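S.K.: To start, I am sharing the structure in question, which I have written as structure tokens.
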Amino acid sequence: MRIFLAPMDGLTDDIMRQILTRVGGIDVCVTEFVRITNTLLPKKVFYRACPELHHGGKTQSGTPVRVQLLGSDPVCLAENAELVSTLGAPAIDLNFGCPAKTVNRSNGGAVLLTDPENLYKIVKTVRNGLTATTPLSAKMRLGYEDKSLALECAKAIEEAGASELVVHARTKVEGYRPPAYWDWIAKIKEVVQLPVVANGEIWNTEDYLRCKEQSQCSDIMIGRGLISNPGLANQCKVLNERKKKSTIGGGRDQLLSWEDVAELLAEFLDMSLDQMDEKQSVGRVKQWLRYLSREYADAEEFFTLIRKDKTPQPIIDKLEQQVGVLA
């Protein structure tokens, strides 16, 4: 049973990846997508998207980080995939799931699911450009406007040589609105042999169990659920072990305390200040607090407390006053 941290543009950067993998329970990370158009990108672009390339393609906690590419030009994707592989990426991931209008208008992301033959060509070309030992995964949704091509797209990705498939259990049109159609992932599993990872609408251990049952997947990818509850991966792992051993308990005992989360926030702010300006850093902390508020009432209260703060020091002071994490 593996847990993947989902790639989320503007959210799961290297700072967030380092924080969450240190908490534990995450087996694989995937970077925010790197957009590929019609050129071979300079190395610095990939190092910026994945600083972990300087450290064997792993976070400080030892979690491997796959580099995700987004585009529609098979040759350019293959050339850039080959380059990033030589830089030390443990695996390459192809994005066939992004629902953003700007991306889809440029013939990238989920819109590619309207043409299974083109999907095959892209994956095949990238696969042929990589060494046999470099894993190539793909992430897809259930379709663009509807699910009519879901099985065909999955089969095309497999036949082209992908080694793993992540399925976000909604179409582009369905966006991020609940529910996620996990049963459709089970349908995909029936027609492909490659490993399938279930993704979409996993916010807690109850969701995990229902997703596991309906999708028939042992491996899952979690995005917003892990941002809202940094301990969720550990909770799912504990629950999975208890189910295997038929012991009592639901894994909720692995929920991090608010004091623990405040320490993560302090570290997150400190690391952000090393990489970006004060305004951006403060904005990132407030963004994370909005997600944390889903699970922690204290996060909502703390957000209200710092909402008008525009510089880091008042936030640092308030963290220290509240829980003493910086004392």
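The numbers here are math on the coordinates, done by the rules we state, and not lab data. Being a predicted model, the structure only gives us computed values, none of them experimental. Please note: Cβ atoms are built from the backbone with ideal geometry, for glycine as well, and neighbour counts cover all protein chains shown.
S.K.: What order do you get for Met8, Met16 when you list them from fewest to most C-beta neighbours inside 10 Å?
M.R.: On the way: Met8 16, Met16 23.
Least to most surrounded, the residues fall as Met8, Met16.
S.K.: What is the Cα centroid distance between region 60-110 and region 283-309, reported in whole angstrom?
M.R.: A separation of 32 Å, based on Cα centres.
S.K.: Let me ask something additional. With +1 on each Lys and Arg Cβ and -1 on each Asp and Glu Cβ, and nothing else charged, work out how big the dipole of region 1-106 is about its Cα centre, in Debye to the nearest 20.
M.R.: Numbers: 11 positive and 10 negative charges, 32 e Å.
Rounded to the nearest 20 debye, it is 160 debye.
S.K.: Same structure, new question: Counting helices only, and only those DSSP H runs with n ≥ 4, report the 222 nm mean residue ellipticity of the chain as the sum of -39,500 (n - 2.57) divided by its residues, in deg cm²/dmol to the nearest 500. Don't skip to the answer; put the middle values down first.
M.R.: Working: 14 runs with 154 residues, N = 327.
The helix contribution divided over the chain gives -14500 deg cm²/dmol.
S.K.: Students often get this wrong, so check it: of Lys139/Lys172; Lys172/Lys212; Lys44/Lys121, which have C-alpha atoms separated by over 19 Å?
M.R.: On the way: Lys139/Lys172 13 Å; Lys172/Lys212 22 Å; Lys44/Lys121 28 Å.
Pairs exceeding 19 Å: Lys172/Lys212; Lys44/Lys121.
S.K.: If you wrap a convex hull around the alpha carbons of the chain, what volume per residue comes out, as a whole number of Å³?
M.R.: Details: hull volume 44.4 nm³, N = 327.
In the chain, the Cα convex hull volume per residue is 136 Å³.
S.K.: Would you calculate the separation in nanometres between label points at Asp260 and Asp317, each defined as 7 Å from the Cα along the Cα-to-beta-carbon direction?
M.R.: With each label placed 7 Å out from Cα toward Cβ, I get 3.0 nm.
S.K.: Counting only C-alpha contacts under 8 Å and six or more residues apart, can you give the relative contact order of region 177-318 as a whole percent? Before the final figure, lay out the partial values.
M.R.: Numbers: 149 pairs, mean separation 24.3, N = 142.
Contact order relative to length: 17 percent.
S.K.: Please work out the C-alpha center-to-center distance from region 8-55 to region 126-167 and express it in whole Å.
M.R.: Measuring centre to centre over Cα atoms gives 20 Å.
S.K.: Could you calculate the FRET efficiency of Leu40 with Asn118 from 1/(1 + (r/R0)^6), where r is the beta carbon distance between them and R0 is 25 Å, rounded to 0.05?
M.R.: Working: r = 21 Å, r/R0 = 0.85.
Result of the calculation: an efficiency of 0.75.
S.K.: Run a plain Debye calculation on region 96-157 (Cα atoms as equal point scatterers, no solvent) and give log10 I(q)/I(0) at q = 0.25, 0.27 Å⁻¹, rounded to two decimals, same order as the q list.
M.R.: Summing over Cα pairs of region 96-157 leads to -1.03, -1.13.
S.K.: While we're on this one: Take peptides 213-220, 276-283 and line them up by average Cβ neighbours within 10 Å, highest first, as a rough protection proxy.
M.R.: On the way: 213-220: 19.1, 276-283: 14.9.
Ranking the peptides 213-220, 276-283 by packing returns 213-220, 276-283.
S.K.: Further question on the same structure: List the lysines whose Cα lies under 19 Å from the Cα of Lys43, skipping any in the same chain that are fewer than 8 positions away.
M.R.: Lys58
S.K.: Roughly what would the spin-label model give for Gln60 and Glu145, points 7 Å off Cα along C-beta, in nm?
M.R.: 4.9 nm
S.K.: Okay, next question. Explain nothing, just the number: dipole magnitude of the chain about its Cα centre with +1 on each Lys and Arg Cβ and -1 on each Asp and Glu Cβ, in debye rounded to the nearest 20.
M.R.: Numbers: 41 positive and 43 negative charges, 99 e Å.
Once rounded to the nearest 20, the dipole reads 480 debye.
S.K.: Now for a separate question. Using the Cα atoms of region 76-194, I'd like the radius of gyration and the largest Cα-Cα distance, Dmax, both in angstrom.
M.R.: When restricted to the Cα atoms of region 76-194, Rg and Dmax are 13.9, 40 Å.
S.K.: Something else about it: Considering Cα pairs under 8 angstrom that are at least six residues apart, work out the relative contact order of region 3-254 and quote it in whole percent. Don't skip to the end; give the middle numbers.
M.R.: Values: 530 pairs, mean separation 39.6, N = 252.
Computed over region 3-254, the figure is 16 percent.
S.K.: Quick one: order Trp184, Trp203 by neighbouring beta-carbon count within 10 Å, fewest to most.
M.R.: Details: Trp184 21, Trp203 17.
With the sparsest Cβ surroundings first, the list reads Trp203, Trp184.
S.K.: Under a cut-off of 22 Å between alpha-carbon atoms, report the lysines in cross-link reach of Lys308, not counting same-chain residues fewer than 8 places apart.
M.R.: Qualifying lysines at Cα under 22 Å: Lys279, Lys286, Lys318.
S.K.: Kindly provide the pair-distance distribution of region 258-323 built from C-alpha pairs, with 5 Å bins from 0 and whole-percent values in order of increasing distance.
M.R.: 4, 19, 34, 28, 13, 3
S.K.: Can you work out the FRET efficiency for the pair Glu159 and Glu278, with r the C-beta to C-beta distance and R0 = 56 Å, to the nearest 0.05? Working shown, then result.
M.R.: Working: r = 50 Å, r/R0 = 0.90.
Here the calculated transfer efficiency is 0.65.
S.K.: Now for a different question. Take Val75 and Tyr176, extend 7 Å from each Cα along the Cα→Cβ direction, and tell me the distance between the two endpoints in nm.
M.R.: 3.7 nm
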